[in-house]
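Following: one structure in structure tokens, then a few remarks.
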Amino acid sequence: MNVQALTVSLMLAHLMTASAAPGTEKYQTIMDSLTAGKVSRIIHTDVLPFSGEDHGEVISRVSSAFPGTPYQANTLIGGPGTPESLVANFNGVDCFTFIDYTEALTRSHDQASFLRNLAAVRYTGGNVSYLSRRHFFSDWSATKPYNARDVTPDISPDYAVADKQLNRKPDGSEYIPGLGIHPRKIHYIPGKAISRQVLDNLKTGDYVGVYSALDGLDVSHVGIVVRHDGKVWFRNASSLAENNKVVDSPFAEYMRAKPGIVVLRAESSAMTGDTQ
């Protein structure tokens, strides 16, 4: 479940300082000095020197700056009755803010472009408001500008299709009041069908969601495919007590008992609507 979207965000203004970037005048932008420093360092060491490289490899390299970062839910500011702010906070991440930051960084060339790209990645149409947040993982491939495309059917012929009513609780009410109910077909590969062929077909930098069987949700957790030490790993912001930070988990082992996976792929900044 997208924790950041389904609970009221905690106010973290006392940890951060406001900064204004071009095009952000309609909303507050919040980024502390530690995060600003990390943004600049990652862009200049892991993005700019590798212009033109495969986008998945850039995602892997950028995301490698986050392992060890504490898990922290509810870092975003906004909700029913609370104005939305564009928050960049690398001091603690949940599974969704982790992939938001990673994808935005891969598209950026400086701090200002990072903030613009973060707005484009996190919000439908780049409209910084609570109801425009991409509250569901499948929003990345279903709402414009697209962050990625759904490649789940390309990964395995054994994929399944679920007709979902996203945002609908079992009692008929909404997880996110005012967002409405969104019918959507979700492609997923059942956990029991995650074979060696599936692992071989996953690309470095693929964004993977753990499929949720609940009708109102698409996934319960998200992370990134990375490869090192001759193995496939699931890089994710883990809330498990033994982790409570961004970690690399063995992919096959992690997914063995899960209901399935949804795979999205951001292949290039041009495809995803780069705002540089």
### Task
Take the alpha-carbon positions of the chain, form their convex hull, and give its projected area averaged over all directions (one quarter of the hull surface) in nm².
13.7 nm²
### Task
List the extent of the Cα atoms of segment 126-276 along each of their three principal axes, largest first, rounded to whole Å.
46, 41, 35
### Query
Taking only C-alpha pairs under 8 Å that are 6+ residues apart, what is the relative contact order of segment 141-265 in percent?
28 percent
### Query
Which helices pass in the chain if a helix is a full DSSP H run, must span at least 15 angstrom along its long axis by Cα, and must have mean Kyte-Doolittle hydropathy not below 1.0?
none
### Task
Tell me which residues come under 5 Å, amide H to amide H, from L166 once H is placed; ignore anything under 5 positions away on its chain.
H182, R184
### Query
Once the piece of chain linking E53 and K192 is laid out straight, how much longer is it, given 0.36 nm per residue of separation minus the C-alpha distance between them?
46.7 nm
### Query
Rounded, prolate or oblate: which fits segment 108-187 when a ≥ b ≥ c are the square roots of the eigenvalues of the alpha-carbon gyration tensor, with rounded for a/c under 1.5 and prolate only if a/b beats b/c?
oblate
### Task
Express in nm, to one decimal, how much length is gained between Q165 and E253 on full extension, taking 0.36 nm for each residue of separation and deducting their alpha carbon distance.
28.7 nm
### Summary
Karplus ³J(HN,Hα) for segment 247-262 (6.51 cos²θ - 1.76 cosθ + 1.60, θ = phi - 60°; Hz, whole; x = Gly/Pro) runs 9, 9, 10, x, 4, 4, 5, 5, 8, 3, 9, 8, x, x, 9, 10
### Task
Rank L179, L240, L118 by mean-square fluctuation in a GNM of the chain with C-alpha springs under 10 angstrom and give only the top-ranked residue.
L240
## Note on the structure
Sequence order, segment 151-164: Karplus ³J(HN,Hα) from phi using 6.51 cos²θ - 1.76 cosθ + 1.60, θ = phi - 60°, Hz rounded, Gly and Pro as x, gives 10, 3, x, 7, 7, 8, x, 8, 5, 10, 10, 10, 8, 9
### Summary
Contact order relative to length for the chain, counting C-alpha pairs under 8 Å separated by 6 or more residues, stands in percent at 22 percent
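Bear in mind that the values in this text are calculations on the coordinates, not laboratory data. Keep in mind that what you see is a predicted model, and the values were worked out from it rather than measured.
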